[in-house]
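Peer 1: Before I ask anything, let me first share the structure, which is written out below as structure tokens.
The values are calculated or read from the model by the stated rules, or taken from the named source; none is laboratory data. All values derive from a computational prediction rather than experimental measurement. Here the Cβ is made from the backbone with ideal geometry for all residues, glycine too, and neighbour counts use every protein chain on show. For accessibility, only protein heavy atoms count, side chains too; no ligands or nucleic acids. Shrake-Rupley method; radii C 1.70, N 1.55, O 1.52, S 1.80 Å.
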Amino acid sequence: MTTTFKKHYYFLLILILLFGVVFTSSVFALTISPVKMELSGDPGQTLQNEFTLFNEQNNTETLYSSVENFESRGESGAPFFLPERVGLATWIKTQEQVTLKPKETKTIPFSIIIPKNAEPGGHFAAILWGMTPPDAIGGGQVAIGGRLGVLILLKVSGEVKEGGGLLDFGGKEKQRFFSSLPITLNYRFNNIGGNRVVPLGEVKIKNSFGFTTTVLSANKNEGSVLPGSARKFEVIWAPLEIPEDGFWSAVKTQWSDFHFGWYTARMNLVWGATNQTANASYNFFIIPWQLLLIIFIILAVFGFLGRMGLKKYNHYIITQARQQK
């Protein structure tokens, strides 16, 4: 397996888990590349494109295609497939089946015929491939054996309404007190426009003295927010090394990556075709109590030993003075 195939394979595996598609081990040996395509076109235009299928198995496999629209439900950003044959799902044309020999790669062409009266904005569908013909999958049910697919994100040109923005920003579960890294910050972004948006920007974290401690990407994977939905994003301030569970592991992390005091996270986002902006801030404390406890105990022990040593020294001085008299 080449490096490129490995990359797409693991990305696709995570994607399918998010989709909630049921699969068997045999599906793992199919690789589709790319897993996402961002396209744009005008009403009445026909777009031509292609993707590749790679059979990693030692057996010949016949795969069947289907096309379904998807939308975002919940705030995870995971697509939810819609069985209705409307919109983009009916504009996409590709071959109905393909047979792949062992270790064979095939390029699969497809076309998108955009209607002249297509509504401007974002349209979203997926070209899915499985081992069961679509006619055998009744009522929108997912076939046993699973399906893998290519996400098609199409933007139809024209005047598109753009709206939405930042809903909230803060610590995970509103947490404000932390003992050490990692620190997870969340923000929710709402899109009420007609096309998907990708919020981009940074989260700058400053310490009690106003100095910048670190700068984090607000959307590292450039995740999209689909129209009519809100999505939750995570921004993680991670330590230099991933800590293990346990008291002494926490002490080690706090010592090697020391942070203490009041911190402010300031987020600056840019989004949309018109580069709209959104800003927010969140304050929190980092108190490495495990490390501070160890330091306190060490100081207490040294203080106790010092007092005992001082008493013995004073006693020695007094004894010497009495002997001299």
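Peer 1: Of the residues P288, P227, which single one is surrounded by 14 or more Cβ atoms within 10 Å (Cβ to Cβ), touching a residue at least 40 places away in the same chain (Cβ under 8 Å) and under 23 Å from F177 (Cβ atoms)?
Peer 2: Step by step, each of P288, P227 is checked, and only P288 is surrounded by 14 or more Cβ atoms within 10 Å (Cβ to Cβ), touching a residue at least 40 places away in the same chain (Cβ under 8 Å) and under 23 Å from F177 (Cβ atoms).
Peer 1: Tell me whether segment 173-186 contains one or more residues that are outside any loop (DSSP other than H, G, I, E, B), surrounded by 18 or more Cβ atoms within 10 Å (Cβ to Cβ) and at pLDDT below 90.
Peer 2: no
Peer 1: With segment 32-107 as the region, which strands (runs of 3 or more DSSP E) entirely inside it contain at least 2 residues that are polar (S, T, N, Q) and within 25 Å of the chain's Cα centre (by Cα)?
Peer 2: Qualifying strands (runs of 3 or more DSSP E): 61-72.
Peer 1: Which condition does N221 not pass, out of (1) of a type in the set (S, T, N, Q); (2) open to solvent by less than 60 Å² (accessible area, probe 1.4 Å); (3) under 30 Å from W129 (Cα atoms), if it passes all the others?
Peer 2: The one condition N221 does not meet is (2).
Peer 1: Quick one: in segment 108-137, of everything that is within 32 Å of the chain's Cα centre (by Cα) and of a type in the set (G, A, S), which residue is modelled with the lowest pLDDT?
Peer 2: Ranking the candidates gives G130 first.
Peer 1: In addition: Give segment 199-212 a look and list any residue that's loosely packed, with under 15 Cβ neighbours inside 10 Å and of a type in the set (V, I, T), or say none.
Peer 2: The one that is loosely packed, with under 15 Cβ neighbours inside 10 Å and of a type in the set (V, I, T): T212.
Table: residues versus (1) buried (at least 20 other Cβ atoms within 10 Å of the Cβ); (2) not acidic (D, E).
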site	(1), (2)
L53	yes, yes
E68	yes, no
G77	no, yes
G87	no, yes
E104	no, no
G121	no, yes
A126	yes, yes
G130	yes, yes
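Peer 1: Further question on the same structure: I'd like to verify a number: residues in segment 42-72 that are more than 17 Å from G122 (Cβ to Cβ) and of a type in the set (A, V, I, L, M, F, W, C), how many?
Peer 2: So the answer is 4.
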